[in-house]
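Engineer: This is the structure I have questions about; it appears just below.
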Amino acid sequence: EAGVAQSPRYKIIEKRQSVAFWCNPISGHATLYWYQQILGQGPKLLIQFQNNGVVDDSQLPKDRFSAERLKGVDSTLKIQPAKLEDSAVYLCASSLGRGANEQFFGPGTRLTVL
Amino acid sequence: AQSVTQPDIHITVSEGASLELRCNYSYGATPYLFWYVQSPGQGLQLLLKYFSGDTLVQGIKGFEAEFKRSQSSFNLRKPSVHWSDAAEYFCAGYMNTGFQKLVFGTGTRLLVSP
(Lines give C-alpha, C1' and ligand atoms only; values in the text may rest on other atoms or scores of the structure.)
Protein backbone atom coordinates (compact mmCIF):
# COMPACT_ATOMS: atom_id res chain seq x y z
CA GLU A 1 0.00 0.00 0.00
CA ALA A 2 1.42 3.36 -1.01
CA GLY A 3 1.85 5.89 1.76
CA VAL A 4 1.08 9.60 1.87
CA ALA A 5 3.01 11.43 -0.84
CA GLN A 6 4.20 15.01 -0.56
CA SER A 7 6.11 17.34 -2.84
CA PRO A 8 8.41 19.11 -2.95
CA ARG A 9 10.55 17.74 -0.13
CA TYR A 10 12.49 20.96 0.27
CA LYS A 11 11.80 24.55 -0.69
CA ILE A 12 13.77 27.74 -0.13
CA ILE A 13 12.12 31.08 -0.86
CA GLU A 14 12.52 34.70 0.10
CA LYS A 15 10.04 36.48 2.32
CA ARG A 16 7.00 37.89 0.55
CA GLN A 17 7.21 35.21 -2.14
CA SER A 18 4.52 32.57 -2.54
CA VAL A 19 4.86 28.81 -2.28
CA ALA A 20 2.62 25.78 -2.71
CA PHE A 21 2.81 22.27 -1.31
CA TRP A 22 1.09 19.20 -2.67
CA CYS A 23 -0.20 16.11 -0.86
CA ASN A 24 -1.67 12.86 -2.13
CA PRO A 25 -3.22 10.81 0.71
CA ILE A 26 -3.53 7.07 1.01
CA SER A 27 -6.17 5.77 -1.37
CA GLY A 28 -9.57 5.59 0.26
CA HIS A 29 -8.74 7.91 3.13
CA ALA A 30 -11.51 10.44 3.50
CA THR A 31 -9.82 12.72 6.01
CA LEU A 32 -6.76 14.79 5.20
CA TYR A 33 -4.76 16.99 7.54
CA TRP A 34 -2.08 19.65 7.12
CA TYR A 35 0.27 20.26 10.04
CA GLN A 36 2.98 22.83 10.65
CA GLN A 37 6.00 21.62 12.61
CA ILE A 38 8.34 24.38 13.74
CA LEU A 39 11.82 23.29 14.81
CA GLY A 40 11.77 22.02 18.37
CA GLN A 41 8.00 21.75 18.54
CA GLY A 42 5.38 19.12 17.91
CA PRO A 43 3.16 19.28 14.83
CA LYS A 44 0.32 21.78 14.99
CA LEU A 45 -2.85 21.21 12.99
CA LEU A 46 -3.48 23.86 10.37
CA ILE A 47 -6.50 22.45 8.57
CA GLN A 48 -8.54 19.26 8.36
CA PHE A 49 -10.61 18.12 5.38
CA GLN A 50 -13.34 15.50 5.29
CA ASN A 51 -13.57 14.54 1.61
CA ASN A 52 -13.54 17.96 -0.09
CA GLY A 53 -15.03 19.92 2.81
CA VAL A 54 -13.19 21.80 5.55
CA VAL A 55 -13.81 20.40 9.04
CA ASP A 56 -11.43 22.56 11.06
CA ASP A 57 -9.31 25.51 9.94
CA SER A 58 -9.32 27.38 13.23
CA GLN A 59 -5.52 27.55 13.40
CA LEU A 60 -4.90 28.41 9.77
CA PRO A 61 -3.60 31.99 9.31
CA LYS A 62 -6.15 32.79 6.66
CA ASP A 63 -4.64 36.13 5.71
CA ARG A 64 -1.74 34.29 4.09
CA PHE A 65 -2.46 30.55 4.09
CA SER A 66 -5.00 28.75 1.94
CA ALA A 67 -5.71 25.12 1.23
CA GLU A 68 -7.99 23.17 -1.03
CA ARG A 69 -9.00 19.59 -1.74
CA LEU A 70 -11.20 20.07 -4.75
CA LYS A 71 -11.93 16.47 -5.72
CA GLY A 72 -11.67 14.98 -2.27
CA VAL A 73 -8.35 13.30 -3.02
CA ASP A 74 -5.14 15.29 -3.26
CA SER A 75 -4.67 18.66 -1.63
CA THR A 76 -2.65 21.84 -2.01
CA LEU A 77 -1.50 24.19 0.75
CA LYS A 78 -0.41 27.67 -0.30
CA ILE A 79 1.36 30.49 1.51
CA GLN A 80 1.17 33.96 0.03
CA PRO A 81 3.09 36.04 1.00
CA ALA A 82 5.54 34.05 3.11
CA LYS A 83 7.06 35.40 6.31
CA LEU A 84 10.27 34.39 8.07
CA GLU A 85 8.26 32.68 10.81
CA ASP A 86 6.70 30.33 8.26
CA SER A 87 9.97 28.40 8.11
CA ALA A 88 8.93 24.93 9.22
CA VAL A 89 8.19 21.41 8.07
CA TYR A 90 4.72 21.05 6.60
CA LEU A 91 3.31 17.60 7.17
CA CYS A 92 0.35 16.05 5.43
CA ALA A 93 -1.52 13.17 7.02
CA SER A 94 -4.57 11.12 6.17
CA SER A 95 -6.95 8.78 7.94
CA LEU A 96 -9.91 6.63 7.04
CA GLY A 97 -12.35 8.96 8.72
CA ARG A 98 -12.89 11.54 11.37
CA GLY A 99 -12.65 10.90 15.07
CA ALA A 100 -10.00 8.93 16.90
CA ASN A 101 -8.46 7.24 13.88
CA GLU A 102 -4.81 6.53 13.28
CA GLN A 103 -3.27 9.21 11.11
CA PHE A 104 -0.67 8.27 8.51
CA PHE A 105 1.94 10.92 7.81
CA GLY A 106 3.84 11.86 4.70
CA PRO A 107 7.58 12.72 4.74
CA GLY A 108 6.89 16.46 4.92
CA THR A 109 8.09 19.53 3.05
CA ARG A 110 10.84 21.54 4.71
CA LEU A 111 10.30 25.24 3.97
CA THR A 112 13.01 27.81 4.56
CA VAL A 113 12.05 31.48 4.22
CA LEU A 114 15.02 33.85 3.88
CA ALA B 1 -7.06 23.43 28.09
CA GLN B 2 -6.23 19.95 26.93
CA SER B 3 -2.50 19.39 26.51
CA VAL B 4 0.25 16.83 26.21
CA THR B 5 3.54 17.38 28.02
CA GLN B 6 6.85 15.69 27.36
CA PRO B 7 9.14 16.99 30.09
CA ASP B 8 12.40 15.73 28.62
CA ILE B 9 13.72 17.57 25.57
CA HIS B 10 16.74 15.28 25.15
CA ILE B 11 17.62 11.89 26.58
CA THR B 12 20.86 9.98 26.06
CA VAL B 13 20.88 6.23 26.60
CA SER B 14 23.65 3.72 26.11
CA GLU B 15 23.05 1.05 23.52
CA GLY B 16 21.57 -2.00 25.21
CA ALA B 17 20.26 -0.04 28.17
CA SER B 18 16.59 0.36 28.98
CA LEU B 19 14.58 3.41 27.97
CA GLU B 20 11.63 5.28 29.39
CA LEU B 21 10.21 8.42 27.77
CA ARG B 22 7.71 10.39 29.79
CA CYS B 23 4.37 11.74 28.63
CA ASN B 24 1.69 13.46 30.70
CA TYR B 25 -1.69 14.67 29.55
CA SER B 26 -4.20 17.14 30.84
CA TYR B 27 -7.79 16.10 30.16
CA GLY B 28 -10.81 15.44 32.36
CA ALA B 29 -11.77 12.17 30.70
CA THR B 30 -9.86 9.26 29.22
CA PRO B 31 -8.01 10.34 26.09
CA TYR B 32 -6.97 8.30 23.11
CA LEU B 33 -3.16 8.31 23.19
CA PHE B 34 -0.43 7.62 20.67
CA TRP B 35 3.34 7.47 20.45
CA TYR B 36 4.95 8.41 17.14
CA VAL B 37 8.60 8.29 16.10
CA GLN B 38 10.21 10.67 13.61
CA SER B 39 13.58 9.93 12.07
CA PRO B 40 15.52 12.76 10.40
CA GLY B 41 13.88 13.80 7.13
CA GLN B 42 11.02 11.38 7.64
CA GLY B 43 7.38 11.68 8.53
CA LEU B 44 5.89 10.38 11.75
CA GLN B 45 5.50 6.64 12.20
CA LEU B 46 3.03 5.23 14.69
CA LEU B 47 4.65 3.09 17.40
CA LEU B 48 1.56 2.24 19.45
CA LYS B 49 -1.82 3.51 20.58
CA TYR B 50 -4.14 3.30 23.57
CA PHE B 51 -7.88 3.56 23.19
CA SER B 52 -9.25 1.48 26.08
CA GLY B 53 -8.88 -1.86 27.81
CA ASP B 54 -5.51 -3.24 28.87
CA THR B 55 -3.41 -0.36 30.12
CA LEU B 56 -0.16 -1.92 28.93
CA VAL B 57 0.04 -1.73 25.16
CA GLN B 58 2.58 -3.31 22.90
CA GLY B 59 3.84 -1.63 19.78
CA ILE B 60 6.26 -2.10 16.95
CA LYS B 61 10.05 -2.30 17.25
CA GLY B 62 9.85 -3.74 20.77
CA PHE B 63 8.26 -0.66 22.35
CA GLU B 64 5.51 -0.70 24.96
CA ALA B 65 3.63 1.97 26.89
CA GLU B 66 1.58 1.98 30.06
CA PHE B 67 -1.47 4.17 30.60
CA LYS B 68 -1.78 5.30 34.22
CA ARG B 69 -4.95 7.25 34.86
CA SER B 70 -3.94 8.15 38.43
CA GLN B 71 -0.80 9.84 37.15
CA SER B 72 -2.23 11.14 33.85
CA SER B 73 0.71 9.49 32.17
CA PHE B 74 1.46 7.34 29.15
CA ASN B 75 5.17 6.57 29.32
CA LEU B 76 6.99 4.76 26.53
CA ARG B 77 9.45 2.00 27.38
CA LYS B 78 11.89 -0.32 25.68
CA PRO B 79 13.99 -2.89 27.55
CA SER B 80 17.07 -2.67 25.32
CA VAL B 81 17.80 0.27 23.04
CA HIS B 82 19.45 -0.15 19.64
CA TRP B 83 21.45 2.55 17.85
CA SER B 84 18.72 2.68 15.20
CA ASP B 85 16.24 3.90 17.83
CA ALA B 86 17.89 7.33 17.83
CA ALA B 87 15.11 9.68 16.68
CA GLU B 88 12.51 12.16 17.90
CA TYR B 89 9.57 10.70 19.80
CA PHE B 90 6.19 12.38 20.05
CA CYS B 91 3.34 11.64 22.40
CA ALA B 92 -0.06 12.71 21.12
CA GLY B 93 -3.67 12.44 22.12
CA TYR B 94 -7.24 13.03 21.08
CA MET B 95 -8.67 14.96 24.00
CA ASN B 96 -11.72 16.87 22.89
CA THR B 97 -15.39 16.23 22.31
CA GLY B 98 -15.74 13.92 19.35
CA PHE B 99 -12.00 13.26 19.40
CA GLN B 100 -11.46 15.39 16.34
CA LYS B 101 -8.10 17.07 16.97
CA LEU B 102 -4.81 15.31 17.66
CA VAL B 103 -2.69 17.28 20.14
CA PHE B 104 1.05 16.66 20.14
CA GLY B 105 3.68 17.10 22.81
CA THR B 106 6.88 18.95 22.01
CA GLY B 107 8.87 15.77 21.51
CA THR B 108 11.84 14.05 23.11
CA ARG B 109 15.02 13.56 21.14
CA LEU B 110 16.67 10.23 21.90
CA LEU B 111 20.40 9.94 21.50
CA VAL B 112 22.01 6.50 21.71
CA SER B 113 25.62 6.28 22.77
CA PRO B 114 27.84 3.32 21.92
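Engineer: Per residue and in Å³, how big is the convex hull formed by the alpha-carbon atoms of the stretch B:3-113?
Structural biologist: Roughly 95 Å³ of hull volume per residue.
Engineer: Take peptides B:103-111, B:23-31, A:7-15 and line them up by average Cβ neighbours within 10 Å, highest first, as a rough protection proxy.
Structural biologist: Those peptides, ordered most packed to least, come out B:103-111, B:23-31, A:7-15.
Engineer: Along the Cα-to-Cβ line of B:Thr55, 7 Å from the Cα, sits a label point; which residues in the stretch B:1-26 have backbone N less than 19 Å from it?
Structural biologist: Counting backbone N atoms under 19 Å from the label point, the list is B:5, B:20-26.
Engineer: So, one more: Given a cut-off of 29 Å, name the pairs among A:Lys62/B:Lys68; A:Lys11/B:Lys78; B:Lys68/B:Lys101; A:Lys15/B:Lys49 whose C-alpha atoms lie farther apart than that in the structure shown.
Structural biologist: A:Lys62/B:Lys68; A:Lys11/B:Lys78; A:Lys15/B:Lys49, as the Cα separations exceed 29 Å there.
Engineer: For the protein assembly as shown, what are Rg and Dmax over the alpha carbons, in angstrom?
Structural biologist: 17.6, 51
Engineer: Let me ask something else. Mind checking how much accessible area A and B bury in total, 1.4 Å probe, in Å² rounded to 100?
Structural biologist: Approximately 1600 Å² gets buried when A meets B.
Engineer: Evaluate peptide B:102-108: per residue, the Cβ atoms of other protein chains within 10 Å of its Cβ; return the mean as an integer.
Structural biologist: Per residue, the number of nearby Cβ atoms from other chains is 5 on average.
Engineer: Here's another thing I want to ask about it. Once you wrap a convex hull around the alpha carbon atoms of the stretch A:42-95, what is its projected area averaged over all directions, in nm²?
Structural biologist: Orientation-averaged projected area of the Cα hull: 4.0 nm².
Engineer: Among B:Gly28, B:Leu111, B:Ala86, whose Cα projects farthest towards the positive end of the dipole of chain B, with charges put on the beta-carbon of Lys, Arg (+1) and Asp, Glu (-1)?
Structural biologist: Highest projection toward the positive end goes to B:Gly28.
Engineer: Can you compute log10 of I(q)/I(0) for the stretch A:1-69 with the Debye formula, treating each Cα as one identical point scatterer, at q = 0.15 Å⁻¹?
Structural biologist: Per q value, in the given order, log10 I(q)/I(0) is -0.58.
The values are calculated or read from the model by the stated rules, or taken from the named source; none is laboratory data. Because the structure is predicted, anything quoted here is derived from the model rather than measured. When we count neighbours, we look across all protein chains shown, and the Cβ atoms used for this are built from the backbone with ideal geometry, even at glycine. Side chains included, ligands, DNA and RNA excluded: accessible areas come from the protein's heavy atoms. Shrake-Rupley method; radii C 1.70, N 1.55, O 1.52, S 1.80 Å.
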